[in-house]
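To keep things clear, I will list the structure first and then write my remarks on it.
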2 protein chains.
Amino acid sequence: MKKTKKKYVVGIDLGGTKIYAAVVDAKGKILGAGRKKTKSEQGFATTVQRMAACVHEAVDAAAVPYDAIQAIGVGSPGPLDLKKGIIINTPNLKWKDAPLKKELKKLLQKPVYVDNDGNVGVLGEFAFGAARGAKDVVGLFVGTGIGGGVIINGRLLHGFNENAGELGHIIVNPDGPVCGCGNRGCLEAFASRTAIERDIRQALESGIVSQVLEGLENPQALLRSKRLLDAYQAGDAAVVPAIDRSAHYLGYGVASMLNIFNPQVVVIGGGLVEALGEMYVQRVREVAVANCFPIASREVQIVAASLKDDSAVLGAAMLAWGKR
Amino acid sequence: MKKTKKKYVVGIDLGGTKIYAAVVDAKGKILGAGRKKTKSEQGFATTVQRMAACVHEAVDAAAVPYDAIQAIGVGSPGPLDLKKGIIINTPNLKWKDAPLKKELKKLLQKPVYVDNDGNVGVLGEFAFGAARGAKDVVGLFVGTGIGGGVIINGRLLHGFNENAGELGHIIVNPDGPVCGCGNRGCLEAFASRTAIERDIRQALESGIVSQVLEGLENPQALLRSKRLLDAYQAGDAAVVPAIDRSAHYLGYGVASMLNIFNPQVVVIGGGLVEALGEMYVQRVREVAVANCFPIASREVQIVAASLKDDSAVLGAAMLAWGKR
């Protein structure tokens with residue numbers, strides 16, 4: 001045990017498939033991490049225990065005394081009841097009214113702060129990443145779903161019921177596909193990784209000639225990012241239109257965000273963006289700038305998230321430090 | 001001349017077709033008004049002179065000394081350069097880089113404050129109308145175009161280049177009609193009065209049987225609100241689908257606003273809403289609530305503006321009082 005006088009927090013990124021916890025110092029440095037599968041299908045109690053185990057794993061890896069941990073911050077899929085720290089419900093986790101804050105506090109004996117995963121993502125990028133130094137920031141995180149978060153004048157936008165920032169669920173085309181949220185034509189239903197996968201499968205079923213499944217052990221399993229990227233670069237006839245449609249719709253979504261918020265920085269992050277890289281961000285940027293008022297994009301940066309996997313844990317750490 | 005010690009401001013609502021100025025006291029009471037046509041086609045200098053004349057007309061009508069006027073607030077179509085008080089450009093007025101603040105100040109010899117018409121509209125409803133008492137408010141004003149404004153924690157959202165709140169230009173369907181702003185599928189292109197008129201004319205051209213033009217002296221002129229309302233209530237086959245489409249798309253737009261801002265109150269105003277009344281607002285409300293996260297509409301009021309024609313002048317007066 002060392003650094004006994006220093007203070008730390010733990011940020012937790014609770015995802016649909018994995019839990020990632022990290023011990024973080026006041027400057028945003030990660031000292032140790034713990035990772036486990038979420039296993040939400042085994043029930044909320046199991047997942048909370050796994051979250052607590054991740055925290056201990058991270059603290060051990062960081063080699064700091066548990067007493068030095070001031071608080072725990074969690075980025076969770078929403079919608080949430082922030083005051084009570086309850087996950088109201090979420091398509092990816094399947095629980096109802098899960099008392100995340102209360103149960104985690106009981107297991108860890110530390111103050112627990114909870115916020116939406118999109119909110120902590122943009123908070124992380126704002127504090128330590130691609131939006132550092134900006135005061136007005138919009139974040140969009142594209143993965144299984146699309147999370148969002150907004151910072152206005154240096155503070156997270158929360159709204160009346162503390163559920164603002166659900167940017168993946170703006171309606172970009174009411175004639176579009178049904179979204180995981182149950183509504184039709186949300187941005188998420190056009191641009192998420194799930195939407196891309198659906199579009200590729202539909203193209204294959206319709207008889208489009210494609211190499212995307214070639215050599216796969218399990219052709220029914222979700223396509224991995226690397227495979228998507230390789231197929232895109234090879235000009236695959238099923239993959240290219242699916243990814244282009246995602247980038248286009250995300251561009252329309254960003255255009256709307258520019259006209260609504262006129263932010264200084266738009267951060268585009270999440271697993272899909274990380275995998276596809278600048279090529280994808282550039283498409284999004286072009287469509288966004290072409291579809292908003294010129295002044296709304298003047299001197300505005302539309303950039304990839306720079307913290308990669310760490311945006312959410314670092315934002316969650318910010319929550320734990322009481323900054324939001 | 002009376003009340004020489006009391007202080008007043010003048011709020012101006014600069015519209016595409018008319019100018020409306022009002023002398024307002026600190027409590028939002030209108031003491032006198034002036035109105036003129038905008039005549040923007042005669043050039044910016046003419047319109048500014050007409051604005052100044054409206055101010056004097058309002059001051060005369062209020063019977064207050066000109067010295068008691070502390071400042072002038074203007075709600076103008078955007079986009080604007082707020083710091084310089086310049087109208088950058090706007091489809092309805094056709095000027096480029098019009099130095100509104102500078103010229104009006106020269107003519108009136110008073111401090112002049114300028115903001116976007118949607119912003120002053122929501123500011124008026126927030127200060128004195130349907131959103132009084134709420135801290136998080138979204139306003140949508142449906143007329144020739146669709147103006148918008150957002151209040152977060154009691155203050156107008158302005159953004160990095162001070163052009164936030166262009167809610168009429170969120171993209172609600174990229175396959176939709178071209179908007180006055182030049183982009184495709186904006187909310188304004190589906191739901192504004194201009195969109196309704198276009199849809200009715202297209203229906204008539206396609207041979208739909210309708211009584212909407214019956215007895216009109218000039219069947220090519222813009223349809224008046226009363227005629228639209230009567231035709232809608234009579235079940236007119238050209239008018240009903242056009243107004244329903246407007247209400248539906250405005251509902252989708254409001255659903256997006258609920259998921260983005262999670263406000264306490266959404267105010268729906270403007271000439272079209274005033275004319276069509278609660279029937280229209282009810283349709284918008286139903287579509288909005290059905291298309292957002294349940295928590296984003298929980299205890300949220302979606303209501304008609306209550307100040308009618310006065311939202312913008314009263315909001316402009318708030319600007320003049322230095323509150324924004």
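Quick notes
- Residues in segment A:257-271 that are modelled with pLDDT of 95 or more and more than 10 Å from every other protein chain (Cβ to nearest Cβ): A:Val266, A:Val267, A:Ile268, A:Gly269.
- When residues of segment A:122-151 are limited to those that are within 13 Å of chain B (Cβ to nearest Cβ) and charged (D, E, K, R), the one nearest to A:Leu223 (Cα to Cα): A:Asp136
- The residues of segment A:233-247 that are buried (at least 20 other Cβ atoms within 10 Å of the Cβ), more than 19 Å from the chain's Cα centre (by Cα) and over 13 Å from A:Leu213 (Cα atoms) amount to a single one, A:Ala242.
- The condition of being crowded, with 21+ Cβ neighbours inside 10 Å and assigned to a strand (DSSP E or B) holds for only one of B:Gly75, B:Gly32, that being B:Gly75.
- Scanning segment B:120-135 for residues that are part of a helix (DSSP H, G or I) and surrounded by fewer than 24 Cβ atoms within 10 Å (Cβ to Cβ) yields B:Ala127, B:Phe128.
- Cβ pairs under 6 Å, 6+ apart, first in segment B:210-221 and within 19 Å of B:Ala234 (Cα to Cα), second of a type in the set (Gly, Ala, Ser) and in a loop (DSSP other than H, G, I, E, B): B:Ser210/B:Ala237; B:Ser210/B:Ala238; B:Val212/B:Ala238
- Filter pass, A:Arg285 being free of Cβ contacts under 8 Å to residues at least 12 places away in the same chain and charged (D, E, K, R): no
- The residues of segment A:90-119 that are farther than 30 Å from A:Gly251 by Cβ, in a strand (DSSP E or B) and not basic (Lys, Arg), listed by number, are A:Asp97, A:Ala98, A:Val112, A:Tyr113, A:Val114.
- Filtered residues of segment A:105-121 (kept if within 14 Å of chain B (Cβ to nearest Cβ) and of a type in the set (S, T, N, Q)): A:Asn116, A:Asn119
- When segment B:194-218 is filtered for residues that are of a type in the set (D, E, K, R) and modelled with pLDDT of 95 or more, the ones remaining, listed by number, are B:Glu197, B:Arg198, B:Asp199, B:Arg201, B:Glu205.
- Against the test of being among the aliphatic types (A, V, I, L, M) and in a strand (DSSP E or B), the options B:Val55, B:Val64, B:Val23 yield a single qualifying residue, B:Val23.
- Qualifying residue in segment B:39-55 (condition: surrounded by 18 or more Cβ atoms within 10 Å (Cβ to Cβ), at pLDDT below 95 and either assigned by TED's automatic domain parsing to the domain that holds B:Lys105 or not basic (Lys, Arg) (or both)): yes
- Selection status of B:Glu274, of a type in the set (Asp, Glu), at pLDDT below 95 and over 17 Å from the mean Cα position of the chain (by Cα): no
- Residue list for segment A:122-148, restricted to those being under 18 Å from A:Ala191 (Cα atoms) and in contact (Cβ under 8 Å) with a residue 60 or more places away in the chain: A:Val138, A:Gly139, A:Leu140, A:Phe141, A:Val142, A:Gly143, A:Thr144, A:Gly145, A:Ile146, A:Gly147
- Residue match in segment B:239-256 (condition: farther than 30 Å from A:Val178 by Cβ, more than 10 Å from chain A (Cβ to nearest Cβ), of a type outside the set (Asp, Glu) and touching a Leu at 6+ places or on another chain (Cβ under 7 Å)): yes
- Only one of the numbered conditions (1) within 14 Å of chain B (Cβ to nearest Cβ); (2) of a type outside the set (S, T, N, Q); (3) buried (at least 20 other Cβ atoms within 10 Å of the Cβ); (4) free of Cβ contacts under 8 Å to residues at least 40 places away in the same chain is not met by A:Asp97, and that is (3).
- Being at positive phi and either free of Cβ contacts under 8 Å to residues at least 60 places away in the same chain or surrounded by fewer than 19 Cβ atoms within 10 Å (Cβ to Cβ) (or both) is a property that holds for A:Ala63.
- Counting only helices (runs of 4 or more DSSP H) that sit wholly inside segment B:258-324, those with at least 3 residues that are of a type outside the set (Lys, Arg) and surrounded by fewer than 22 Cβ atoms within 10 Å (Cβ to Cβ) are B:271-276, B:278-290.
- Of residues in segment B:196-207 being out of contact with any helix residue (DSSP H, G or I) (no Cβ under 6 Å at 6 or more places or on another chain) and either on the phi > 0 side of the Ramachandran plot or part of a helix (DSSP H, G or I) (or both), the one surrounded by the fewest Cβ atoms within 10 Å (Cβ to Cβ): B:Gly207
- B:Ser246 modelled with pLDDT of 95 or more, polar (S, T, N, Q), assigned by TED's automatic domain parsing to the domain that holds B:Cys186 and under 20 Å from B:Gly75 (Cβ atoms): no
- Selection status of B:Ile12, assigned to a strand (DSSP E or B) and in contact with a Ser or Thr (Cβ under 8 Å, 6 or more places away or on another chain): no
- In segment A:152-183, the residues that are touching a residue at least 60 places away in the same chain (Cβ under 8 Å), part of a loop (DSSP other than H, G, I, E, B) and more than 9 Å from chain B (Cβ to nearest Cβ): A:Gly180
The values are calculated or read from the model by the stated rules, or taken from the named source; none is laboratory data. All figures in this text were calculated on a predicted structure; none of them were measured in a lab. In this analysis, Cβ positions are derived from the backbone assuming ideal geometry, glycine residues included, and neighbour counts consider all displayed protein chains.
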